[in-house]
Structure formats: structure tokens, C-alpha cells
1. Please find the FRET efficiency linking ARG71 to PHE44, where r is the Cβ-Cβ separation and R0 is fixed at 25 Å, and quote it to the nearest 0.05.
2. Out of every Cα-Cα pair in segment 12-66, what percent are more than 15 Å apart?
3. Which whole-number percent is the relative contact order of segment 12-66 (Cα, under 8 Å, 6+ apart)?
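What follows is calculated from the coordinates using simple rules that are stated; it is not laboratory data. None of the values given here were measured: they were computed from a predicted structure. Neighbour counts are summed over all protein chains in view; Cβ atoms, including those assigned to glycine, are modelled from backbone coordinates with ideal geometry.
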Amino acid sequence: MGRPELKGNMKMENAIRILAGTMVLTSLALAHFVDRHWLWLAAFVGVNLIQSAFTGFCPACNILRRLGVGRGQPGGDCGGGCSGPSCEK
């Protein structure tokens with residue numbers, strides 16, 4: 001089997017997973033090497049993921065959407081729907 005072909009646009013769901021994972025790993029590294037209070041960042045990321053699952057509101061989705069992530073991809077919206085003024089129809 002060959003390697004998956006990379007496309008120009010990434011799905012919003014994948015971008016959120018990458019962002020959240022990067023933030024948690026960064027938080028753990030900073031907590032280990034700098035100060036344990038950096039663990040609050042990992043807790044914030046986790047709580048934000050949980051609340052976005054229940055409410056459908058995801059601040060990271062809004063930021064990434066404005067940066068052009070997920071445009072032109074099926075499932076490009078985070079939370080299943082885009083209702084803000086920055087959304088393309």
C-alpha cells in the first residue's frame with residue numbers, strides 16, 4: 001500500500017485534533033521542564049474539548065476557520081454546522 005496523498009486543505013476535525021494534541025504535549029513538556037503549573041493548560045484543553053462536544057461551540061474552530069482550514073472539504077465544519085458571519089455558503 002502506498003502513502004496517503006496529502007491534499008491542500010485539511011478537514012477541520014483533523015486540524016482540531018492536531019491542535020489539541022500539540023497543546024497537551026506542549027503543556028506536559030513545559031510542566032516537566034519549567035513549572036508544574038503548565039498542567040493547567042492541558043486541563044483547559046481537555047475541558048474545552050468536553051464542552052464543545054456538548055454545546056457545539058468551539059473557539060478553536062472559529063479561529064482555524066478564519067485561517068482557511070477546512071474550506072472545500074466535506075466535513076469541513078466543526079460541530080456539523082456553520083452559522084457565523086465568517087462562514088462560506
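1. Details: r = 27 Å, r/R0 = 1.09.
Plugging the Cβ-Cβ distance into 1/(1 + (r/R0)^6) gives 0.35.
2. On the way: 734 of 1485 pairs.
Result: 49 percent of Cα pairs exceed 15 Å.
3. Values: 30 pairs, mean separation 19.9, N = 55.
The normalised contact order for segment 12-66 reaches 36 percent.
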